[in-house]
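Working notes, beginning with the structure itself.
The values are calculated or read from the model by the stated rules, or taken from the named source; none is laboratory data. Predicted, not measured: the structure shown is a model, and the values here were computed from it. Reconstructed Cβ throughout: ideal geometry from the backbone, glycine too, with neighbour counts over all protein chains shown.
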Amino acid sequence: MVLNVAARRISPALALLLWCALGTVLAQLVLARAAPNPSGFSPIFWFLLTAYDTHGNVLLALIVLLAFATRRQAEALALVRFAAEHPWRVAAIVLPLLWLGAATACRGYPLSMDEYVAWFQAETLAAGKLDGQFPPDLMNELLPRFPPGFFFIASRPAGIITGTYTPGFALLVAPFAWFGVPWAANGLISALTLPAVHRLAHAVTGSREAGGWALLLTLASPVFIVSAFSYYAMPAHLLCNAVYALLLLSPTPARAALAGVVGSLALTLHNPAPHLLFAPAFVAWLLLRRAPLAVFAALAAGYLPLVALLGWGWQRHLAEVLAHTSAAAAQSAGTPVERMATGAAGALVPPSARIVDARIAGLSKVWTWGAAGLMVLAAQGAAAARTNPAVRALAAALAITFVAYFFVRFDQGHGWGFRYLHSAWFVLPVLAGLALARMDDAETRNLAGWAVVLSLVLANALRIAQADGFIAQHLAQVPPLARPADPARPEVIFVDPAAGAYVRDMLHNDPFLRGGRVVLYFDGPAAAAALMARRFPDYAKRAEGKWGEQWTR
């Protein structure tokens, strides 16, 4: 009774502040526990978690305090009103800024192997080919040295190399690669996501204000901004799933068919898991609504063409590449269905203590990489509208995506924010927008408005600076790679994979060795000299270090 009376005496604005303080403390406890890496996280996941996320967590706490201090000032709500009424204008304003960040802070550089595969496939498709072509006698030095089929499939005798991921995302990037700006693709995809999130929130709530809040909370979340600078397929997964949900909220055969097309693209962007986990909640939504059979038939029909072409067809193509290697290799790889089943079986395991810790750490990343107060407001929105069937479907899709990854043996490795949840992450700003649009306490709305404005500027600035510094530090391990390739200055760079952290991920080559730079594995000075004498006799060594050697013509 005493607690209930005390709770009623706390203003909603103070309650929001206290909930955010509790979230800050919980996130910091997770980060403190991870500091000695007792769970054995992969080095990059552990480093990004412990080196940067405390800074983000503390900054978000300061932002909420500043917002609380200005809760009687309503000026920040003008930005919410503008976003509510002009989502496409906001997207147009943001787009060049996203492109600027991708080109400068992230240098247009595919940092992780997942990003490099997407870049490689896009450059290949932009050239009108399905596969890259390397000199057969250099395949051992040119290929990333990972287990066969892990990122690439190659026929060494034929010099053929191709990415293992389904090529939907690469097809989206390919037009930008053709114009020489592959880094611009995710910026456009992310800019288009803003009006999609606005429209979805509007459709769920009937409130344009909710759409404005959802848009701004998305834009104020560093995970959204920094992912837009990357070559990850996750921004495309996010947009596809948001549009898929929007189309099925008011299902007609035509909308269902279009949702199927969007869903089939999501299934074939790079791997099917993100959409396979998201879609069941909306199929259940249709069943519970007793949608006509024509809606289900149209949805299935929409899925078929791209799944057949980019899913099954791509697996058949990979089998042909393997057949170039040897009949035995092709036979051992099995049929497309067998390969996909083998890959899924290799990734799926019963939940272990290590993976539980990794998912809790991922949840802390949702907090520290989001706008200030995002998760608290999303929880309030879900609770306030728990009887709304659309809210239930969205919340279920988010929950299924999160829970399912407890059965995946990887901790996600590289990635900004919690990459495994990103395909359904947009549900959080939609639910938060719902909460704020229903809220009638002026001080709490002002607090949220200032939290959004401050996160938009300060939280994004911090995370962009961190990404910029990390990439600069990574490239500095091999100094010649820290500058762009110069087509007028041909060079060969040997990289020693033991020279630093994730240096083997830096073995990036154009799929047809265009552009003046060739990057090779360094197997020692004698091997490098012999290779250069045989293949590049007119080149001379210009630099060397623990990282390897640089030869130029």
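Key figures for this structure:
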| quantity | calculated |
| --- | --- |
| Meets criteria (within 21 Å of the chain's Cα centre (by Cα) and either aliphatic (A, V, I, L, M) or part of a loop (DSSP other than H, G, I, E, B) (or both)) for Leu520 | no |
| When residues of segment 302-321 are limited to those that are under 30 Å from Pro389 (Cα atoms) and either of a type in the set (Ser, Thr, Tyr) or in contact with a helix residue (DSSP H, G or I) (Cβ under 6 Å, 6 or more places away or on another chain) (or both), the one surrounded by the fewest Cβ atoms within 10 Å (Cβ to Cβ) | Val307 |
| When residues of segment 505-526 are limited to those that are among the aromatic types (Phe, Trp, Tyr) and under 18 Å from Phe146 (Cα atoms), the one surrounded by the most Cβ atoms within 10 Å (Cβ to Cβ) | Phe522 |
| Within segment 129-181, considering residues that are part of a loop (DSSP other than H, G, I, E, B) and aliphatic (A, V, I, L, M), the one nearest to the chain's Cα centre (by Cα) | Val181 |
| First in segment 477-491 and more than 10 Å from Arg517 (Cα to Cα), second anywhere and loosely packed, with under 13 Cβ neighbours inside 10 Å, Cβ under 7 Å, 6 or more apart | Ala482/Ala476 |
| Count - residues of segment 406-447 that are more than 26 Å from Val64 (Cβ to Cβ) and part of a loop (DSSP other than H, G, I, E, B) | 6 |
| Criterion: farther than 21 Å from Arg107 by Cβ and surrounded by fewer than 19 Cβ atoms within 10 Å (Cβ to Cβ) - qualifying residue of Ala498, Ala472 | Ala498 |
| Residues of segment 201-247 that turn out to be under 30 Å from Ala177 (Cβ atoms) and not in a loop (DSSP other than H, G, I, E, B), as a count | 24 |
| Residue among Leu97, Leu130, Leu142 that is under 27 Å from Ala185 (Cα atoms) and without any contact (Cβ under 8 Å) to a residue 12 or more places away in the chain | Leu97 |
| Subset of segment 58-95 that is assigned to a helix (DSSP H, G or I) and not aliphatic (A, V, I, L, M) - its residue that is nearest to Ala27 (Cα to Cα) | Phe68 |
| Any hit, segment 58-74, residues being of a type outside the set (D, E, K, R) and either more than 25 Å from Ala15 (Cβ to Cβ) or not assigned by TED's automatic domain parsing to the domain that holds Ile464 (or both) | no |
| Condition check for Ala291: over 29 Å from Ala467 (Cβ atoms), surrounded by fewer than 24 Cβ atoms within 10 Å (Cβ to Cβ) and modelled with pLDDT under 95 | yes |
| Segment 420-443, residues that are in contact (Cβ under 8 Å) with a residue 40 or more places away in the chain, surrounded by fewer than 24 Cβ atoms within 10 Å (Cβ to Cβ) and not aliphatic (A, V, I, L, M) | Arg438, Asp441, Glu443 |
